[in-house]
Ligand SMILES: [Zn+2]
């Protein structure tokens with residue numbers, strides 16, 4: 001992801017509407033580009049600051065909320081990756097299970113003839 005695409009996706013990221021694949025590219029670019037990291041933090045602080053004005057009894061430490069949001073999104077992506085690996089493993093086991101059952105049925109059928 002380049003800086004222009006990153007900046008176009010900032011509002012979608014803050015609004016939690018980025019798909020997982022784009023979120024992954026977004027966070028990878030974020031970890032490697034200081035200018036975009038500053039841009040995101042400024043946008044997040046402005047967005048959260050406006051939202052806080054309407055709420056009562058809210059945590060006013062926006063930087064902490066920003067760091068918490070990044071940690072949660074990175075944790076979410078790790079969970080997505082682990083889920084994909086388990087899904088792959090389960091699908092592979094199911095495939096080979098069905099395959100060997102079909103072979104056993106074929107063997108029984110050939111012995112009966
Ligand atoms: Zn950048």
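Report the full-extension gain for the segment residue 71 to residue 111: residue separation times 0.36 nm, less the Cα-Cα distance, to one decimal in nm.
8.4 nm
Can you compute the modelled spin-label distance between residue 42 and residue 28, with each label point 7 Å from Cα toward Cβ, in nm?
2.7 nm
Based solely on its DSSP helices, what 222 nm [θ] is calculated for the chain when runs of n ≥ 4 H residues each add -39,500 (n - 2.57) and the sum is averaged over all residues, nearest 500 deg cm²/dmol?
The helix-only estimate for the chain comes to -28500 deg cm²/dmol at 222 nm.
Would you please give the FRET efficiency between residue 83 and residue 53, computed as 1/(1 + (r/R0)^6) with r the Cβ-Cβ distance and R0 = 41 Å, to the nearest 0.05?
In this case the efficiency is close to 0.65.
Averaged across orientations, what area in nm² does the convex hull of the alpha carbons in the chain project?
11.0 nm²
FYI, it's all coordinate maths here, none of it is from the lab. Computed from a prediction, not measured in an experiment: that's the story for all the values here. Backbone-built Cβ (ideal geometry, glycine too); neighbour counts: all protein chains shown.
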